[in-house]
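Participant: Dumping the structure here so I can ask a few things about it.
The values are calculated or read from the model by the stated rules, or taken from the named source; none is laboratory data. Just so it is clear, the model here is predicted, and its values are computed rather than measured. Methodologically, a virtual Cβ is constructed for each residue, glycine included, from the backbone with ideal geometry; neighbour enumeration extends over all protein chains shown. Just the protein is used for accessible areas: all its heavy atoms, side chains included, with ligands, DNA and RNA removed. Shrake-Rupley method; radii C 1.70, N 1.55, O 1.52, S 1.80 Å.
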Amino acid sequence: MKAVVCEAFGGPEVLSLREVPDPPPPGLGEVQVRITARGVQYVDVLMLAGKYQFRPEPPFIPGSEGAGEVVAAGPGVVSLRPGDKVMCRQRLGAFAECSNVKAEDCDRVPAAMGLDEAAVFRNVYHTAYHALLQRGRLKAGDRVLIHGAAGGIGLPAVQIAKLYGAQIIATASTDEKRAVCLEEGADYAIPYHDGFRDKVMELTQGRGLDIVYDPVNGPIFEESLRCLAWSGRILILGFLGGAPAAARTNYLLIKGIEAIGVRIGGLNEAHPEIALANLKTLIGLAAERKLKPRIWRRYPLAQASDAIQALIDRAVIGKAVLTG
């Protein structure tokens with residue numbers, strides 16, 4: 001089979017399309033999936049660079065989310081059978097034409113969803129749902145600021161916050177990205193590079209925010225804290241903006257603020273029953289077309305390095321997908 005292989009640690013240039021051995025027959029509790037679409041994530045950028053907490057040694061096949069058709073089921077698998085269309089998560093190996101995946105890490109694709117949408121659905125929507133509804137305790141009427149709102153985990157947050165009745169202020173770096181945020185349900189979309197607190201306070205009539213959803217962190221973290229109302233919550237999802245910020249704990253104390261970490265892998269490990277229930281809810285909403293991934297561009301598998309570079313350049317609006 002063909003697969004994209006990371007040959008050494010580095011940037012997109014370390015990827016090459018190779019012929020590699022087909023996977024063996026699926027083992028106990030596994031299915032073999034013919035993958036036709038794969039999501040490209042910033043995690044892949046970090047993993048290629050050897051900077052992610054899970055650090056496989058090259059050569060390895062990247063990719064942790066995909067969708068396709070089950071072609072074989074291993075011993076003990078009763079929930080899936082050949083011919084089923086599934087979305088799946090895996091630690092590595094999605095940038096290939098075929099892969100063995102634990103059956104418990106696969107979900108059937110709703111009829112209303114294409115395989116390219118399914119490939120990018122599971123991880124980002126689960127992250128946004130868990131962050132906003134469970135860690136952030138979002139309720140109807142809450143005022144929510146979503147940073148990086150046009151990105152891979154930003155637009156799902158916009159859609160979910162809107163679905164659950166929040167007032168949404170989105171930040172994004174360009175006019176094009178802000179227009180997309182408004183299309184997806186944000187009430188307001190504002191720039192952030194030259195400061196955003198004054199605009200946020202104006203838009204909230206001086207009351208401030210209940211929740212900040214922050215995958216950016218870095219230099220905008222302190223200004224985000226200053227936008228929060230009494231007992232507000234800031235959800236920390238990542239560090240796209242640079243080095244992790246240092247929280248001013250006196251400010252947290254004075255305003256009763258909660259700084260809350262969000263890691264979907266941690267939820268999967270600590271509370272798999274909650275993760276399972278969340279995914280059931282999310283797939284149901286997708287089946288009703290209440291949630292719909294926005295695909296920015298589809299790349300053939302051979303152009304995986306171009307897709308990775310687009311992520312590094314922050315050109316992607318929504319999600320990029322590798323097909324074929």
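Participant: Could you count how many residues in the stretch 250-263 are exposed (fewer than 15 other Cβ atoms within 10 Å of the Cβ) and either at pLDDT below 90 or within 25 Å of the chain's Cα centre (by Cα) (or both)?
Facilitator: Residues that pass the stated criteria total 3.
Participant: Tell me which residues, restricted to the stretch 107-141, are assigned to a helix (DSSP H, G or I), touching a Gly at 6+ places or on another chain (Cβ under 6 Å) and under 15 Å from GLY151 (Cα atoms).
Facilitator: Passing the criteria: only VAL124.
Participant: Which condition number does LEU291 fail, the rest of (1) surrounded by fewer than 20 Cβ atoms within 10 Å (Cβ to Cβ); (2) outside any helix (DSSP H, G or I) being met?
Facilitator: (1)
Participant: Taking the condition of being surrounded by fewer than 18 Cβ atoms within 10 Å (Cβ to Cβ) and more than 16 Å from the chain's Cα centre (by Cα), how many residues in the stretch 43-59 meet it?
Facilitator: The total comes to 10.
Participant: Is at least one residue of the stretch 195-216 charged (D, E, K, R), open to solvent by less than 10 Å² (accessible area, probe 1.4 Å) and out of contact with any Asp or Glu (no Cβ under 7 Å at 6 or more places or on another chain)?
Facilitator: Yes, that holds for at least one residue.
Participant: Do we find a residue being of a type in the set (Ser, Thr, Tyr) and buried (at least 24 other Cβ atoms within 10 Å of the Cβ) anywhere in the stretch 153-165?
Facilitator: No, because not a single residue in the stretch 153-165 is of a type in the set (Ser, Thr, Tyr) and buried (at least 24 other Cβ atoms within 10 Å of the Cβ).
Participant: Give the residue, chosen from GLU65, GLU97, that is at pLDDT 95 or above, open to solvent by 10 Å² or more (accessible area, probe 1.4 Å) and among the acidic types (Asp, Glu).
Facilitator: Going through GLU65, GLU97 in turn, the sole match is GLU97.
Participant: In this structure, does LEU235 turn out to be among the hydrophobic types (A, V, I, L, M, F, W, C), surrounded by 15 or more Cβ atoms within 10 Å (Cβ to Cβ), at pLDDT below 95 and under 19 Å from the mean Cα position of the chain (by Cα)?
Facilitator: Details: among the hydrophobic types (A, V, I, L, M, F, W, C): yes; surrounded by 15 or more Cβ atoms within 10 Å (Cβ to Cβ): yes; at pLDDT below 95: no; under 19 Å from the mean Cα position of the chain (by Cα): yes.
Against the criterion (among the hydrophobic types (A, V, I, L, M, F, W, C), surrounded by 15 or more Cβ atoms within 10 Å (Cβ to Cβ), at pLDDT below 95 and under 19 Å from the mean Cα position of the chain (by Cα)), LEU235 does not qualify.
Participant: So, GLY11, is that one exposed (fewer than 14 other Cβ atoms within 10 Å of the Cβ), modelled with pLDDT of 95 or more and farther than 26 Å from VAL124 by Cβ or not? First the steps, then the outcome.
Facilitator: Working: exposed (fewer than 14 other Cβ atoms within 10 Å of the Cβ): yes; modelled with pLDDT of 95 or more: yes; farther than 26 Å from VAL124 by Cβ: no.
No; evaluated as a whole, the condition is false for this residue.
Participant: Taking the stretch 14-42 on its own, how many of its residues are modelled with pLDDT under 95 and more than 30 Å from ARG81 (Cα to Cα)? Steps first, answer last, please.
Facilitator: Here is the first cut: in the stretch 14-42, the ones modelled with pLDDT under 95 are 41-42.
From what is left, the residues that are more than 30 Å from ARG81 (Cα to Cα) are 42.
Summing the residues that are modelled with pLDDT under 95 and more than 30 Å from ARG81 (Cα to Cα) in the stretch 14-42 gives 1.
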